[in-house]
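Engineer: Handing you a structure now.
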Amino acid sequence: MSDAARAILVVNAGSSSIKAAVFEDGREVARAAGDAIPDHHAALTQVLSALQAQGYGLSQVAAAAHRVVHGGARLVASTRITQRVRDQIADCIPLAPLHNPHSLTAIDWISVTAPDLPQYASFDTAFHATIPDVATRYALPTTPDTQGLRRYGFHGISYAALVRALPEQTGRPLPRRLLAFHLGNGASICAIRDGISVATTMGYSPNAGLTMGTRSGDMDPAAVLELARRKGVDGAEHLLGHDAGLLGLSGLSADMRRLTASDDPRAEFATQHFCYWAARHGGSMIAAMGGLDAIAFTGGIGENAKEIRNEILDNLAWAGDGSCHIVPAQEEVFIACEAITLLKGPPHAA
């Protein structure tokens with residue numbers, strides 16, 4: 001197989017930036033990024049031109065693969081992007097209004113620029129499609145007004161990559177009951193039993209669960225409603241997603257590195273809050289698995305903040321002496337590998 005046949009372009013189109021990398025046989029060979037504000041099309045042109053200068057334009061890759069935040073209830077595995085799949089991603093825009101539109105912009109731009117290039121999508125929600133209904137349904141009546149209001153879970157690409165990488169890293173089978181922490185500016189936990197997700201801390205949105213960099217994590221619905229009355233819905237939404245979490249608690253920063261280096265009591269309280277709720281939610285995930293055999297950390301904080309890991313582990317010492325692993329995040333590699341697998345597989349109907 002030639003280099004061009006092996007090269008996969010991985011695109012992560014966010015609200016404020018476009019990131020792209022090219023992988024060959026699981027190895028990164030090129031990377032570029034661009035500021036997407038105010039024009040995603042201009043950013044895509046900039047990023048693809050930068051990759052072209054490194055020898056990997058759209059004509060030099062076998063496929064483009066996209067990280068898509070929300071696949072809803074139907075898109076539960078990595079897939080080739082057909083018109084039908086593209087429409088289903090668009091149907092999920094109300095569930096991820098800050099994310100899915102930008103993924104579609106990138107998908108559509110490549111479709112026009114290189115119409116014969118196969119495109120694939122991997123979904124942050126897909127890994128959690130195995131969670132049972134009792135864990136995903138909110139205690140709401142079934143009415144048109146409540147349609148689609150359920151727990152979906154996110155960071156699924158990270159967890160799927162972890163499940164694939166950990167046995168390769170240890171040379172041993174995946175632990176049967178694995179408590180996985182994805183800790184970064186966004187943070188969540190996943191209960192992984194026999195290699196599949198059975199519970200996770202994020203829910204209808206990525207704001208649920210743990211204390212995060214700028215997100216509040218779990219709150220009483222009545223407190224959220226009261227906040228909406230005081231600040232308006234848009235004001236409450238912005239506060240809960242952008243001004244809360246570590247930033248809101250400390251008044252200093254959302255960056256864990258800065259907080260752990262500070263002697264400000266507010267910084268210390270914010271890090272304690274982060275660790276306390278990580279361990280407390282971890283206990284819930286252990287209950288969902290029926291026990292614990294191992295713990296794994298990934299993400300920027302999970303991989304690099306030893307003092308945070310140790311505090312969480314100390315708070316979970318009651319759960320037993322399962323092994324602990326640090327697994328470097330490999331989301332982009334996973335997306336590229338999924339695309340290669342699908343590219344080599346049988347053709348998909350449009």
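Engineer: Please list, ordered by first then second residue, the pairs with beta carbon atoms under 9 Å, 6 or more apart or interchain, first in the stretch 78-94 and over 20 Å from His128 (Cα atoms), second among the hydroxyl-bearing types (Ser, Thr, Tyr).
Structural biologist: Final answer for the pair search is Ile81/Ser111; Ile81/Tyr120; Arg86/Ser111.
Engineer: Quick check: anything in the stretch 127-136 in a loop (DSSP other than H, G, I, E, B) and surrounded by 14 or more Cβ atoms within 10 Å (Cβ to Cβ)?
Structural biologist: yes
Engineer: I need the full set of residues from the stretch 196-245 which are more than 24 Å from Thr136 (Cβ to Cβ) and aliphatic (A, V, I, L, M), in order please.
Structural biologist: Of everything in the stretch 196-245, those that are more than 24 Å from Thr136 (Cβ to Cβ) and aliphatic (A, V, I, L, M) turn out to be Leu227, Ala228, Val233, Ala236, Leu239, Ala244.
Engineer: Here's another thing I want to ask about it. For the stretch 158-205: of the residues being of a type outside the set (A, V, I, L, M) and in contact with a Gly (Cβ under 6 Å, 6 or more places away or on another chain), which is nearest to Ala254 (Cα to Cα)?
Structural biologist: So the residue we want is Asn185.
Engineer: Please go through the stretch 51-74 and pick out each residue that is small (Gly, Ala, Ser) and under 21 Å from Asp91 (Cα atoms).
Structural biologist: Ala65, Gly71, Gly72, Ala73
Engineer: Now, a different point. Can you pull out every residue in the stretch 6-37 that is in contact (Cβ under 8 Å) with a residue 60 or more places away in the chain, over 14 Å from Gln330 (Cα atoms) and in a loop (DSSP other than H, G, I, E, B)?
Structural biologist: Listed by number, the residues that qualify are Gly14, Ser15, Ala36.
Engineer: I'd like to know if the stretch 162-185 contains one or more residues that are of a type in the set (Val, Ile, Thr) and in contact with a helix residue (DSSP H, G or I) (Cβ under 6 Å, 6 or more places away or on another chain).
Structural biologist: no
Engineer: Please find, within the stretch 155-180, the residue that is nearest to Gly72 (Cα to Cα) out of those that are within 14 Å of the chain's Cα centre (by Cα) and in a helix (DSSP H, G or I).
Structural biologist: Per the stated criteria, the residue is Gly156.
Engineer: Right, next: Among the residues of the stretch 316-328, which ones are at pLDDT 95 or above and buried (at least 18 other Cβ atoms within 10 Å of the Cβ)?
Structural biologist: Leu316, His325, Val327
Engineer: Moving on to the next point. Arg86 fails exactly one of the following numbered conditions: (1) under 14 Å from Tyr152 (Cβ atoms); (2) outside any loop (DSSP other than H, G, I, E, B). What is the number of that condition?
Structural biologist: Result: Arg86 passes all but (1).
Engineer: Would you pick out the residues in the stretch 282-336 that are over 16 Å from Arg193 (Cβ atoms) and of a type in the set (D, E, K, R)?
Structural biologist: Within the stretch 282-336, Glu303, Lys306, Glu307, Arg309, Glu311, Asp314, Asp321, Glu331, Glu332 meet the criteria.
Engineer: Let me ask another. Quick one: in the stretch 186-204, which of the residues that are in contact with a helix residue (DSSP H, G or I) (Cβ under 9 Å, 6 or more places away or on another chain) and surrounded by fewer than 18 Cβ atoms within 10 Å (Cβ to Cβ) is farthest from Gln147 (Cα to Cα)?
Structural biologist: Only one residue fits best here, namely Gly195.
Engineer: Taking the condition in contact with a Ser or Thr (Cβ under 6 Å, 6 or more places away or on another chain), without any contact (Cβ under 8 Å) to a residue 60 or more places away in the chain, surrounded by fewer than 21 Cβ atoms within 10 Å (Cβ to Cβ) and in a loop (DSSP other than H, G, I, E, B), does Leu98 pass?
Structural biologist: no
Engineer: Continuing with the same structure: Would you confirm, using the coordinates I've provided, whether Arg257 is closer than 22 Å to Leu179 by Cα and either free of Cβ contacts under 8 Å to residues at least 24 places away in the same chain or not assigned by TED's automatic domain parsing to the domain that holds Gly72 (or both)?
Structural biologist: So Arg257 fails the test.
Engineer: Give me the residue from the stretch 151-210 that is free of Cβ contacts under 8 Å to residues at least 40 places away in the same chain and of a type in the set (D, E, K, R) and, out of that set, farthest from Val11 (Cα to Cα).
Structural biologist: Arg172
The values are calculated or read from the model by the stated rules, or taken from the named source; none is laboratory data. Quick caveat: nothing in here was measured; it's all calculated off a predicted structure. Cβ sites come from the backbone with ideal geometry, for glycine too, and all protein chains shown count toward neighbours.
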